[in-house]
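Step one of this worksheet: look at the structure below.
The values are calculated or read from the model by the stated rules, or taken from the named source; none is laboratory data. These numbers come from a predicted model, not from an experiment. Cβ placement follows ideal geometry from the backbone for every residue including glycine, while neighbour counts extend to all protein chains displayed.
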There are 2 protein chains.
Amino acid sequence: MTSAAAHRRLATEAWESLLRSQVAVMRELHKEPIFKKVGSREYDVLFNLSRCPTGWLRLNELNDNVLLTQPSISRLVERLEARGLVQRRTPDDDRRGVLIGLTEAGAALQKEVGRAHVRNIMNLMEEGLSDAEMQTLLELTGKLREAVAGRAAAPADEAATPATSAT
Amino acid sequence: MTSAAAHRRLATEAWESLLRSQVAVMRELHKEPIFKKVGSREYDVLFNLSRCPTGWLRLNELNDNVLLTQPSISRLVERLEARGLVQRRTPDDDRRGVLIGLTEAGAALQKEVGRAHVRNIMNLMEEGLSDAEMQTLLELTGKLREAVAGRAAAPADEAATPATSAT
DNA sequence: GTATATTAGATGCAAACGTATATATCTCGA
DNA sequence: TCGAGATATATACGTTTGCATCTAATATAC
């Protein structure tokens, strides 16, 4: 029965391909000169803030979307604040927490960088994929992401793992 | 004509989703305790070396697959060498370069980490996607990666960009 | 065949990162 | 309501990263 091995192979190859394509695209996107104004992770924070409905995100919410540890996000936000791009606010209902929001300068910078960034993304994506393929890619990666996100709540992994520490 | 806007939106959403799913999976994979022995980037180097046909890779070839700058890879390899996991060799035909290869200890460690890693990848991937979907994902990300790779040779971007510096 | 440009890696240094831990606030049971 | 544990963020400190630059070797032009 080779199907188990074939299955494993498929899963790892698909992940490997996803990872490498992300690296390749990221490299290319990072050449954009505008990223000398803000690093790409810093832009990522500005972007996330620009997208959220209320305009304010908790530090740990930012942390979900950016591949950094909590202390690193903490200091990244600190730097952005020092540059006047974001502002902090203490939420009324939980005074442990911090809410982060864009300043006007931050919003303006995000838009400026965003325009160039989006143009580059579009050029790259359409060079390799048709609209239908992009749609499929969007759906598949969405499913994958949701499955992984759902896992955080219910580990469902190795039996008897009562307390798994999270990043 | 909203189709141009819709097209741009699709491209950016697809990329966004690809990026976030990569972050989510990476986070989850990184919880694997075995990554306390080797960082995930270091494992990535060992992995790439284990895969290549000749067993030796140039430093700049490693750099293509790992999202780090050239000096960082250089020092990452330096650390791996100090730990006895890889070895260096000067190629006969180009004495500027360096060839990197696994030592026996490096190959053994790669296999050990690889086993756990592959198991985790499989669990994650199959939680969200069917085999057919993984196959499609593999193909789409492959196409994307190839398109981006092809671009390095022929920029084909903004007209009149005679000399674009590479990372 | 020598000068010039290009390419492959290495190194100095400041900035950014991760691990471990501290602090402040909240939550929940006795 | 009071204390134990959990949660959200901050800080300390050693390590790793990126940028700029340097050196060595190869390619190219003249």
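Some values worked out for this structure:
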{"item": "Strands (runs of 3 or more DSSP E) enclosed by region B:1-120 - at least 2 residues per element that are at pLDDT 95 or above and more than 16 Å from DNA strand D (Cβ to nearest atom)", "result": "B:56-58, B:99-102"}
{"item": "Residue in region B:9-25 that is exposed (fewer than 13 other Cβ atoms within 10 Å of the Cβ) and more than 15 Å from A:L18 (Cβ to Cβ) present", "result": "no"}
{"item": "First in region A:1-24 and more than 7 Å from chain B (Cβ to nearest Cβ), second anywhere and outside any helix (DSSP H, G or I) and at pLDDT 95 or above, Cβ under 8 Å, 6 or more apart", "result": "none"}
{"item": "Near pairs, Cβ below 7 angstrom, 6+ apart or cross-chain, from region B:131-145 (facing chain A (nearest Cβ under 7 Å)) to any residue that is surrounded by fewer than 20 Cβ atoms within 10 Å (Cβ to Cβ)", "result": "B:D131/A:H7; B:T136/A:T136; B:L138/A:E13; B:L140/A:E133; B:L140/A:T136"}
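One line per residue, one yes/no per condition, for (1) of a type in the set (S, T, Y); (2) in contact (Cβ under 8 Å) with a residue 60 or more places away in the chain; (3) surrounded by fewer than 18 Cβ atoms within 10 Å (Cβ to Cβ); (4) under 28 Å from B:M26 (Cα atoms):
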{"residue": "A:L29", "(1), (2), (3), (4)": "no, yes, no, yes"}
{"residue": "A:R41", "(1), (2), (3), (4)": "no, no, yes, yes"}
{"residue": "A:V45", "(1), (2), (3), (4)": "no, no, no, yes"}
{"residue": "A:I73", "(1), (2), (3), (4)": "no, no, no, yes"}
{"residue": "A:R88", "(1), (2), (3), (4)": "no, no, yes, no"}
{"residue": "A:R95", "(1), (2), (3), (4)": "no, no, yes, no"}
{"residue": "A:L99", "(1), (2), (3), (4)": "no, no, no, yes"}
{"residue": "A:L102", "(1), (2), (3), (4)": "no, no, no, yes"}
{"residue": "A:A105", "(1), (2), (3), (4)": "no, no, yes, no"}
